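What follows is a set of notes on a single structure, which appears directly below.
No lab work stands behind these numbers, since they all come straight from the coordinates. Quick caveat: nothing in here was measured; it's all calculated off a predicted structure. For neighbour counting, all protein chains shown are included, and Cβ atoms are generated from backbone atoms with ideal geometry for every residue, glycine included.
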Amino acid sequence: MASEAGKSVFAKRRKEHVLILASGNKVRHLTIKPWMTAAAISCVAAMTTGYFAATTYLVLRDDLLGASIARQARIQHDYEDRIAALRAQVDRVTSRQLLDQQVVEKKVEKLMERQTALTDLHGRLNDLVERAQDAGAIQPEIPVPAPKPSTDDKHADASGSPFDALLGTDQKVAAVDPMTTHSLGFLPTNESPANRADRIFTNVTRSLKSIEQDQIAKIENLRLGADKKADEISRILARTGIMPKDEAQENENMGGPYIPVNQPSNDKFDLTLNQLDLSIQRLEQIRSQAMQYPFGNPIPGAFETSGFGYRKDPFLGTLALHPGIDFQGHTGDPARSTGAGTVVSAGPSNGYGNMVEIDHGNGISTRYGHLSAILVHIGQKVETGEEIGKVGSTGRSTGPHLHYEVRRNGVAIDPSGFLNAGLKLNPLL
C-alpha cells in the first residue's frame, strides 16, 4: 500500500503540461517541462528584482545627485571664501607696503633736508676757515660734515647714497667718518622697510649728532682763538693811543628797512658758525686797522743813532728837541713806508731836506727825511713796506741816515712806541 502511494505521488510530480497553440488550421503542441517552468519563474523573478533594483537606484540617485550638488556648492563657497580672504590679505599687504613706502619717503625726505643743511653748513664752514686762515687765526682740524661711502662694507655702493639704504637695497649709510655696518646696525633682517628706515634714520641721526657736537667744540675753539688774537691786537693798539673802531662806531650813519632772513638760525651748529663769523669779522677789522698804521720799520735791521726827545743839537751845540729817530744807513739804501696810507708831501722841506710825508688816517702820519731820492708823488697810495725813497744826507744832516717821525694830529710823538708795538704785532698779523 505504501509503495503504491509513493508511486502515485511520483507520477503526479512527473506529470507534464501540454500547451496547445492553434493558428488557423495548424495546431501545435508544446510540452512544458518542469525545468522550463522553473526557468521561466527564475527569469520573471530576476526581471522583477532588476526592476525593483533599477527603481530603487533611480529613487536614490536623486538623493545622491542632490548631495553631490550640495557638496560641490560647499566646495565652491569655501573656495570663494578662501579667494576673498586671500584678496583681503593681499589688500592688507598692499596697504601696508604703501604705508611703509610713505614712511620711508618721509624718512628719505628728512635725510635729504639734513644732507642739504649739512652741505650748506659745510660751504659756510669752508669759507670761515679760509677767512680765519687769512686773518691769522689758529685753525684746528675740522672734519668735513659731508656723507661719503664706506669702503669696508662689501655691499656698499660706490655712490654711498643713504637713500638707497632706506629704500631697501643692500647699501648702507656712511656718516662723516667711515663706519662699519655693525657700528650703525645695518644688519640684514626680515624687519619691515618702515622699521628698518626708523632704525637707520635713528642711527644716522645719532652719528651725525655726535660728529656735530665734536665740530661745534672745534669751531668754538677756533672762535676763541680769533677773539683772543683780536683782543691782543686791540690791547697793543690801545697802548700806542690808537682805539680800534668798535661796532657802535661802525654802525653810525647807517639805516634802511628791516628785512629778516627767511630761515632764522635756531640750530646750535648754525648759531656757532654765526658766532665764528662775527669773531672773524672783528679780527679782520682789527688786523686791517693795525696794518694801516705805521707799526713797521723804515730800515729793517738798522741801528738807531739818535732817539726821540731832547738832545744836544749837532750844529749849534745847544739843547733842542729831536722830534724823531735817526736810523743809520748808507746813501742809496731803500727807505720803506711803515704803514699803508696816502702821500701828502714829497719834496724839499726846510731842515728835512728831501722829505716824504704819509697820512695813515685817524690823525696819524709819518715823515721820512734827508732822502737822496724820492720815489713817490703826492696823492699816491702806498702799502706797508713799499719803497718810497733812498737814504741820503740832504737838509740839516751830518751824514747819510734816515730821519723818521710819527705824528698824531700834527704833533710829533715818540716812534719807539709804534716800533715796539710792531714787534709784538708781527706774529699776530
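If one puts a single equal scatterer on every Cα of the range 347-409 and applies the Debye formula without solvent, what log₁₀ I(q)/I(0) results at q = 0.15, 0.17, 0.21, 0.28 Å⁻¹? Cα-only, vacuum Debye calculation for the range 347-409: -0.43, -0.54, -0.81, -1.25. When only the Cβ of Lys, Arg, Asp and Glu is charged (+1, +1, -1, -1), the dipole of the range 307-429 relative to its Cα centre reaches about 180 debye. Most tightly packed first, judged by the mean number of other beta-carbon atoms within 10 Å of their residues, the peptides 33-46, 297-310, 280-293 read 280-293, 297-310, 33-46. Using Cα pairs closer than 8 Å and at least 6 residues apart in sequence, work out the relative contact order for the range 304-425, in percent. Relative contact order, the range 304-425: 28 percent. Pop out the Kirkwood hydrodynamic radius of the range 304-425 from its pairwise C-alpha distances, inverse of mean 1/r, in Å to one decimal. Hydrodynamic radius (Kirkwood, Cα pairs) of the range 304-425 is 14.4 Å.
The range 315-362 and the range 281-298 have Cα centres separated by 22 Å.
Sorted on the mean count of surrounding Cβ atoms within 10 Å across their residues, most packed first, peptides 367-378, 49-60 read 367-378, 49-60.
With 22 Å as the limit, the listed pairs Lys107/Lys209; Lys218/Lys424; Lys218/Lys268; Lys107/Lys218; Lys110/Lys218 have Lys218/Lys424; Lys107/Lys218; Lys110/Lys218 beyond it between alpha carbons.
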